[in-house]
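The values are calculated or read from the model by the stated rules, or taken from the named source; none is laboratory data. None of these values were measured; they are calculated from a predicted model. Here the Cβ positions follow ideal geometry from the backbone for every residue, glycine too, while neighbour counts run over all protein chains shown. Calculation scope for accessible area: heavy atoms of the full protein, side chains included, ligands and nucleic acids excluded. Shrake-Rupley method; radii C 1.70, N 1.55, O 1.52, S 1.80 Å.
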Amino acid sequence: MSDSPLTHFDAEGQAHMVDVSDKAVTDRIALAEGFVRMTPETLALVTSGTAKKGDVLGIARLAGIMGAKKTSDLIPLCHPLPITKVALELEPQPDLPGVRITATVKTGGQTGVEMEALTAVSTACLTVYDMLKAAEKGMEITGIRLLRKEGGKSGIYEAS
């Protein structure tokens, strides 16, 4: 058996799905964030509700929820999980300028929901880009990261 901290590889170095059947069922939560940087003029389309494709933040919120629910379909070694909560906050930030997106995902299970939170944020960021690309193709998706996770044997992680 390997001494590697990477659990998605077997003793021969082949990728595999981790067996979580012996893990305790615990409440688990993850919080992730990301940003879509844009010009003040593009951000004004978001805040005024005048983007040609409609409600940018509302549609991105729904896309993020859908992304969290589809994580195991997109990331090959993720387990399908019984997600109990997905909440996204999309906040226009004039100082960026752009939109800050956070996702909170919860489950009661044998493995964490970090990937679901990160996928929710990524999907929402991509949707903001899609909704606004006619106005600005140079937007930047940035800073996608895990902020906090709780549950499981590794306990609490909080980004510095």
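One table, with the values for the structure above:
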item	result
Residue match in segment 78-87 (condition: modelled with pLDDT of 95 or more, assigned to a strand (DSSP E or B) and crowded, with 17+ Cβ neighbours inside 10 Å)	yes
Residues of segment 124-160 satisfying the condition of being assigned to a helix (DSSP H, G or I), open to solvent by 30 Å² or more (accessible area, probe 1.4 Å) and touching a strand residue (DSSP E or B) at 6+ places or on another chain (Cβ under 9 Å)	L126, Y129
Members of segment 61-93 that are among the polar types (S, T, N, Q) and within 24 Å of M131 (Cβ to Cβ)	T71, Q93
Restricting segment 11-33 to residues that are of a type in the set (D, E) and loosely packed, with under 14 Cβ neighbours inside 10 Å, the residue that is farthest from S72 (Cα to Cα)	E12
Filtered residues of segment 94-108 (kept if touching a residue at least 12 places away in the same chain (Cβ under 8 Å), of a type outside the set (A, V, I, L, M, F, W, C) and either touching a His at 6+ places or on another chain (Cβ under 7 Å) or open to solvent by 10 Å² or more (accessible area, probe 1.4 Å) (or both))	P94, P97, R100, T102, T104, K106, G108
